[in-house]
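The values are calculated or read from the model by the stated rules, or taken from the named source; none is laboratory data. The structure displayed is predicted, hence computed values, not measured ones. Counting neighbours? That spans all protein chains shown, and the Cβs are built from the backbone with ideal geometry, glycine included.
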Amino acid sequence: MRILKSLCLAFSMYSKIPMPNVYWSKENMRYVICFLPLVGAVIGGILMLWFTVCLKLNINNACFAAVAAAIPVFVTGGIHADGFIDTSDALHSYGNKQKRLEILSDPHVGAFGIISAVMYYLLYFGFMNEITIYGETAMISLGFVMSRALCAIEIVLMKTAKNTGLLYEFSSSINKAVTLIVTILMLAACGLVMIFLSPYIGGAVLLMLMLLVLYYKFFIAKKIGGITGDTCGWFIQMCELITVIVIVIGGRLV
């Protein structure tokens, strides 16, 4: 029952999918982060369904790409996009760590956040417009799971930037050993399937995501002073963009 409650809390927090009301207690939050990758699985499943519909109805690539770019926002309610925008604002600040944390907490959107969001979705739409086969779509769908599995692993292993906030509550309440094992297994399973679909492209995606993890750990977290819910959103968004870019470019080179 506790696991089901953690599942409901995970989907309530990280998606707009209706869930039963569950009391936010430390006991109920013990396995919340374990289920974060499952939100990605839902997004990936919807993307595959939309791709199939486009093929059956002969819908053009531009329409497919536009809806594909919107699907993660529809499912998550934009929680990760919001974190991406806030983190972009903070990273472009010349202030110290405390100033950047203040920017992350500021409900207002700065110019750099808007510019970064526009650039992000232009790139995402443009590269999604190049997706034409099931194999590429399947790998992108797996990427939604992998991005969240990597984020969950970081939540377990990396320190938070502050001792308040929802991410701190999660990181201090979760069963870290179980969360780490479950999310590593999910990441490994998705990685193996991706390599099975295309050894070279799958390997390139994994390599680039690992490089992003290192960049996130030694640059982003260092500039902020640790991870926050917003920086996790930034990380997930960047994982998804990098996955699409590598798959498209790799597909043209292989």
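Tabulated results
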{"quantity": "Filter result for residue 215 (touching a residue at least 24 places away in the same chain (Cβ under 8 Å) and either exposed (fewer than 15 other Cβ atoms within 10 Å of the Cβ) or not in a helix (DSSP H, G or I) (or both))", "calculated": "no"}
{"quantity": "Any hit, region 15-26, residues being in a helix (DSSP H, G or I) and at negative phi", "calculated": "no"}
{"quantity": "Flag for residue 110 being over 21 Å from residue 212 (Cβ atoms), in contact with a Lys or Arg (Cβ under 7 Å, 6 or more places away or on another chain) and surrounded by fewer than 19 Cβ atoms within 10 Å (Cβ to Cβ)", "calculated": "no"}
{"quantity": "Breaking point among (1) under 30 Å from residue 99 (Cα atoms); (2) under 18 Å from the mean Cα position of the chain (by Cα), for residue 207", "calculated": "(1)"}
{"quantity": "Residue match in region 127-136 (condition: among the small types (Gly, Ala, Ser), in a helix (DSSP H, G or I) and free of Cβ contacts under 8 Å to residues at least 40 places away in the same chain)", "calculated": "no"}
{"quantity": "Total residues in region 76-101, condition buried (at least 17 other Cβ atoms within 10 Å of the Cβ) and either under 18 Å from the mean Cα position of the chain (by Cα) or at pLDDT 90 or above (or both)", "calculated": "11"}
{"quantity": "Total residues in region 209-254, condition among the acidic types (Asp, Glu) and over 21 Å from residue 106 (Cα atoms)", "calculated": "1"}
{"quantity": "Where residue 102 falls short, out of the listed (1) assigned to a loop (DSSP other than H, G, I, E, B); (2) free of Cβ contacts under 8 Å to residues at least 12 places away in the same chain", "calculated": "(1)"}
{"quantity": "Region 176-199 - residue that is among the small types (Gly, Ala, Ser) and part of a helix (DSSP H, G or I) and, of those, farthest from the chain's Cα centre (by Cα)", "calculated": "177"}
{"quantity": "Residues of region 29-64 satisfying the condition of being of a type in the set (Val, Ile, Thr), within 17 Å of residue 153 (Cβ to Cβ) and assigned to a loop (DSSP other than H, G, I, E, B)", "calculated": "32"}
{"quantity": "Verdict on residue 168 being surrounded by 15 or more Cβ atoms within 10 Å (Cβ to Cβ), of a type in the set (Ser, Thr, Tyr) and touching a Phe, Trp or Tyr at 6+ places or on another chain (Cβ under 6 Å)", "calculated": "no"}
{"quantity": "Test: residue in region 231-248 that is surrounded by fewer than 20 Cβ atoms within 10 Å (Cβ to Cβ) and either in contact with a Lys or Arg (Cβ under 7 Å, 6 or more places away or on another chain) or not hydrophobic (A, V, I, L, M, F, W, C) (or both)", "calculated": "no"}
{"quantity": "Where a residue in region 156-167 is within 16 Å of residue 34 (Cα to Cα) and its partner, wherever it lies, is assigned to a helix (DSSP H, G or I) and among the basic types (Lys, Arg), with Cβ under 6 Å and at least six apart", "calculated": "156/176"}
{"quantity": "Residue 127 vs. criteria more than 17 Å from the chain's Cα centre (by Cα), crowded, with 20+ Cβ neighbours inside 10 Å, modelled with pLDDT of 95 or more and not small (Gly, Ala, Ser)", "calculated": "yes"}
{"quantity": "Residue 104 vs. criteria over 16 Å from the mean Cα position of the chain (by Cα) and surrounded by fewer than 17 Cβ atoms within 10 Å (Cβ to Cβ)", "calculated": "no"}
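Residue-by-condition table, conditions (1) out of contact with any strand residue (DSSP E or B) (no Cβ under 9 Å at 6 or more places or on another chain); (2) under 30 Å from residue 64 (Cβ atoms); (3) of a type in the set (A, V, I, L, M); (4) at pLDDT below 90:
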position: 6; (1), (2), (3), (4): yes, no, no, yes
position: 14; (1), (2), (3), (4): yes, yes, no, no
position: 22; (1), (2), (3), (4): yes, no, yes, yes
position: 34; (1), (2), (3), (4): yes, no, no, no
position: 40; (1), (2), (3), (4): yes, yes, no, no
position: 43; (1), (2), (3), (4): yes, yes, yes, no
